[in-house]
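The values are calculated or read from the model by the stated rules, or taken from the named source; none is laboratory data. The structure presented is a predicted model; accordingly, all values stated were derived computationally and were not measured. Cβ sites come from the backbone with ideal geometry, for glycine too, and all protein chains shown count toward neighbours. The protein model used for the area step is the full one, side chains on, heavy atoms only, and it has no ligands, DNA or RNA in it. Shrake-Rupley method; radii C 1.70, N 1.55, O 1.52, S 1.80 Å.
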Amino acid sequence: MSASIQRLDQQLINQIAAGEVIERPASVVKELVENSLDAGASEIQVDIERGGARLIRVRDNGFGIAKAQLELALAPHATSKIANLDDLEAVASLGFRGEALASIASVSRLTLASAAADSDAAHGWQISSDAMQPQPSPVSQGTLIEVQDLFYNTPARRKFLRTERTEFQHIDDLLKRLALARDAVSFRLTHNGKVIRQLPALKSSGEKLSRIKLICGSAFADQAQHLDIASSGLALTGWVARPAFSRQQADMQYFFVNGRLVKDRLIAHAVRQAYRDVLYHGRQPAYVLHLTLDPASVDVNVHPQKHEVRFREQRQVRDFLFGVIHRELAGQQVPVAGESLQQQDGKVSLQVGYRQVPLSQGLSPGLGQRPSYSSSAHSPSALADAQAAYAYLAQSAQASGQTAAHGSEPGLDNADEGGREAPGAEVPPLGYALAQLHGIYLLAQNAEGLVLVDMHAAHERVVYEQLKQTYAQQGVRSQRLLVPHSINISEREAAAVEQHAESLQRFGLQLERSGPEAALLRAVPALLAKADMEQLVRDLLSELVAWGESALLSEHQDEMLSAMACHGSVRANRKLTTEEMHGLLRAMEATERSDQCNHGRPTWLQLDMPTLDKLFQRGR
């Protein structure tokens with residue numbers, strides 16, 4: 001006989017809710033600090049003891065809670081942030097469900113003290129989970145919440161807590177994320193009485209990078225590109241790190257939607273696709289990004305801890321994120337050595353940063369132009385002698401007419417006695433070649449100083465971009481299979497085959513549904529004829545079901561083109577003529593992403609004159 005249905009008591013209901021909301025001490029800190037931010041606090045202090053298992057104390061200077069509403073604040077589903085369905089559909093606050101405090105109070109010994117900003121009383125009031133009658137409290141304006149003995153009444157939950165160090169690390173990581181979202185708020189974190197993190201409030205938007213440097217490190221700040229783009233009701237601001245700063249783990253990826261930290265698959269997918277052409281071998285990008293849009297266009301009520309969101313116009317958001325980040329990464333960046341010179345024990349060390357320089361501007365007609373490849377460029381065999389294509393670099397330099405007829409180094413005739421370009425001399429962004437170093441590096445002089453180029457890496461990017469452009473212009477060639485190949489797939493994947501058959505055909509893949517859970521492969525892209533097409537089709541359909549689109553085919557094609565470009569690029573120890581070196585520089589100036597190779601490594605470095613002067617202690 002089955003048990004009869006009965007109504008659960010409120011304490012058990014709250015403890016069940018706590019199981020969804022309160023995963024660990026960091027979850028408590030998240031809920032309390034978000035309440036402080038919603039209360040307009042400009043100063044937040046978090047005190048932790050024993051990783052949060054013994055004590056979590058959060059103090060703020062927000063607008064506080066009136067005495068008459070203290071008891072209601074601990075009641076389940078009681079909130080000041082929404083009142084009706086319209087409010088829920090356009091939530092602008094971090095919290096809104098009204099269940100956090102009640103859930104926390106059900107699994108801990110909680111004390112809530114507050115003084116409302118508009119109160120005339122000389123003191124505040126406090127209540128606790130054990131004594132709901134308000135008592136006088138010395139707290140000043142704002143709110144103070146103490147959570148003691150977390151999970152004391154649910155031992156099964158308490159035994160799953162990790163070590164004190166691990167739990168505190170989660171709290172520290174959480175506070176760093178929240179601090180990145182609100183730079184106008186000061187944060188102070190202590191553990192066992194010791195100050196661990198002190199983040200002062202920033203007075204202006206120009207100081208934002210200083211907080212990022214404190215949290216993400218100076219290496220990230222030195223190699224980060226700033227974004228500030230708005231279009232069609234969407235605005236993206238923040239910083240994306242250059243591919244050279246890629247990470248082994250996804251531990252430096254911070255994304256905020258309307259000030260809310262989220263870990264959303266759609267967002268992660270869009271950002272990963274934007275980096276697709278410059279990161280390899282499983283490396284992870286690093287970024288701190290803020291997306292702002294109409295609150296009514298995003299549903300934040302889709303996850304118990306509000307980590308995920310759902311966008312009303314998913315494709316628009318995905319395309320916007322991909323486009324903005326992809327274009328920013330395609331922009332030319334000068335790797336500047338010596339932006340922060342450090343001297344120790346009489347030795348000067350260089351640290352590399354980046355600054356924006358529009359290389360494509362100021363080029364004379366004909367500079368950097370490259371011949372288009374024939375349709376046979378799709379065949380790897382056509383690139384067996386691809387190094388011969390390097391001759392076009394020399395032809396480009398000769399056509400530009402910038403090489404001195406008498407054989408002297410161009411641009412040097414206009415230099416002063418110190419080797420600097422004379423005022424008024426028109427010098428291309430990457431300057432003019434001076435020499436080769438060990439057959440690997442190219443040395444050039446521009447208006448800023450000395451340019452160092454990794455010849456193979458730079459030429460590889462030039463050839464790769466040209467191959468991609470030609471491949472896109474001429475279309476994807478398809479190769480029919482002598483015997484069609486049958487593939488067993490799921491019913492949803494079979495439906496995706498029918499829905500996306502036309503778009504798959506444009507990529508050279510002819511796939512037909514042949515049964516409820518089967519598809520027939522009749523043709524494949526010629527470039528991928530030797531690939532494991534059955535596995536590729538399965539992965540492709542899996543992405544189509546999940547995202548409605550897939551970039552797997554283009555990714556595999558780009559990998560093939562990248563390999564072709566690598567084998568077709570100039571090799572180390574090859575002696576180049578001056579004209580060839582000049583041609584490479586001009587081609588780099590006309591090529592997207594020429595500041596990094598196909599694997600995300602930098603292709604060239606700028607040593608400006610002030611840096612060189614410091615190295616040799618000139619002017620002292």
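Being part of a helix (DSSP H, G or I), open to solvent by 10 Å² or more (accessible area, probe 1.4 Å) and either more than 28 Å from Q606 (Cα to Cα) or modelled with pLDDT of 90 or more (or both) is true of Q473. Of all residues in the range 435-451, those that are more than 21 Å from K614 (Cβ to Cβ) and either in contact with a Lys or Arg (Cβ under 6 Å, 6 or more places away or on another chain) or part of a strand (DSSP E or B) (or both) total 5.
Scanning the range 111-142 for residues that are open to solvent by 60 Å² or more (accessible area, probe 1.4 Å) and under 44 Å from the mean Cα position of the chain (by Cα) returns D118, Q126, S140, Q141. Against the test of being more than 19 Å from A78 (Cα to Cα) and not charged (D, E, K, R), the options T111, T163 yield a single qualifying residue, T163. Here is the figure for the range 11-53: residues that are free of Cβ contacts under 8 Å to residues at least 40 places away in the same chain and either more than 18 Å from E99 (Cβ to Cβ) or open to solvent by less than 10 Å² (accessible area, probe 1.4 Å) (or both) total 1. Would the range 212-229 turn up any residue that is of a type in the set (S, T, N, Q), open to solvent by 60 Å² or more (accessible area, probe 1.4 Å) and assigned to a loop (DSSP other than H, G, I, E, B)? No - not one qualifying residue is present in the range 212-229. Look at the range 311-327: where a residue is of a type in the set (K, R) and a partner is open to solvent by 20 Å² or more (accessible area, probe 1.4 Å), sitting 6+ places away or on another chain with Cβ atoms under 8 Å, you get R312/A296; R312/S297; R312/D299; R315/G548.
For the range 116-130, name all the residues that are more than 19 Å from S80 (Cβ to Cβ) and either modelled with pLDDT under 90 or of a type in the set (A, V, I, L, M) (or both). The answer is D120, A121, A122, H123, S129, D130. Pairs are defined by a Cβ separation below 8 Å, a sequence spacing of at least 6 or placement on different chains, a first member in the range 62-90 that is under 14 Å from A105 (Cβ atoms), and a second member that is among the basic types (K, R) and surrounded by 15 or more Cβ atoms within 10 Å (Cβ to Cβ); the pairs so defined are H77/R97.
Checking each residue in the range 486-511 for being surrounded by fewer than 14 Cβ atoms within 10 Å (Cβ to Cβ) and outside any helix (DSSP H, G or I) picks out S486, N488. Hey, could you check the range 1-29 for residues that are assigned to a helix (DSSP H, G or I) and at pLDDT 85 or above and say which is farthest from L161 (Cα to Cα)? The residue in question is V29. Being closer than 25 Å to S93 by Cβ and open to solvent by less than 30 Å² (accessible area, probe 1.4 Å) is the filter here; which residues of the range 187-200 pass it? Listed by number, the residues that qualify are F187, L189, L199. Condition check: at pLDDT below 85, open to solvent by less than 80 Å² (accessible area, probe 1.4 Å) and of a type in the set (S, T, N, Q). Does S106 satisfy that? So S106 does not fit the description; no. Tell me, yes or no, whether the range 284-295 has at least one residue that is open to solvent by less than 60 Å² (accessible area, probe 1.4 Å), in a helix (DSSP H, G or I), touching a Leu at 6+ places or on another chain (Cβ under 9 Å) and over 20 Å from M252 (Cα atoms). Within the range 284-295, not a single residue is open to solvent by less than 60 Å² (accessible area, probe 1.4 Å), in a helix (DSSP H, G or I), touching a Leu at 6+ places or on another chain (Cβ under 9 Å) and over 20 Å from M252 (Cα atoms).
For F256, indicate whether it is in contact with a His (Cβ under 6 Å, 6 or more places away or on another chain) and either of a type in the set (S, T, Y) or modelled with pLDDT of 90 or more (or both). When the stated conditions are applied, F256 passes them. Here R177 meets each of (1) open to solvent by 50 Å² or more (accessible area, probe 1.4 Å); (2) over 30 Å from D319 (Cα atoms); (3) in contact with a strand residue (DSSP E or B) (Cβ under 6 Å, 6 or more places away or on another chain) with one exception, condition (2). Restricting the range 256-272 to residues that are over 11 Å from the mean Cα position of the chain (by Cα) and in a helix (DSSP H, G or I), the residue that is farthest from E592 (Cα to Cα) is R265.
Number of residues in the range 160-174 that are over 21 Å from Y287 (Cα atoms) and open to solvent by less than 70 Å² (accessible area, probe 1.4 Å): the value is 4.
Filtering K213, K208, K176, K194 for residues that are in contact with a Lys or Arg (Cβ under 9 Å, 6 or more places away or on another chain), without any contact (Cβ under 8 Å) to a residue 40 or more places away in the chain and of a type in the set (K, R) leaves a single hit, K176.
Just one residue in the set L605, L612 is of a type in the set (A, V, I, L, M), more than 11 Å from V462 (Cα to Cα) and within 33 Å of the chain's Cα centre (by Cα); that residue is L605. Counting just the residues of the range 512-548 that are more than 32 Å from the chain's Cα centre (by Cα) and small (G, A, S), which one comes out surrounded by the most Cβ atoms within 10 Å (Cβ to Cβ)? Among those that are more than 32 Å from the chain's Cα centre (by Cα) and small (G, A, S), it is A519. Only one entry in A590, A565 is touching a helix residue (DSSP H, G or I) at 6+ places or on another chain (Cβ under 7 Å) and either more than 25 Å from S246 (Cα to Cα) or modelled with pLDDT under 85 (or both), namely A565. So, of the residues in the range 549-568 that are open to solvent by 10 Å² or more (accessible area, probe 1.4 Å) and in a loop (DSSP other than H, G, I, E, B), which turns out to be farthest from L527 (Cα to Cα)? It comes out as E549. Of all the numbered requirements in (1) closer than 29 Å to S42 by Cβ; (2) open to solvent by 40 Å² or more (accessible area, probe 1.4 Å), A244 misses one, and that requirement is (1). Say whether the condition of being over 29 Å from the mean Cα position of the chain (by Cα), surrounded by 15 or more Cβ atoms within 10 Å (Cβ to Cβ) and under 21 Å from H303 (Cα atoms) is met by at least one residue in the range 58-69. Taking every residue of the range 58-69 in turn, none turns out to be over 29 Å from the mean Cα position of the chain (by Cα), surrounded by 15 or more Cβ atoms within 10 Å (Cβ to Cβ) and under 21 Å from H303 (Cα atoms).
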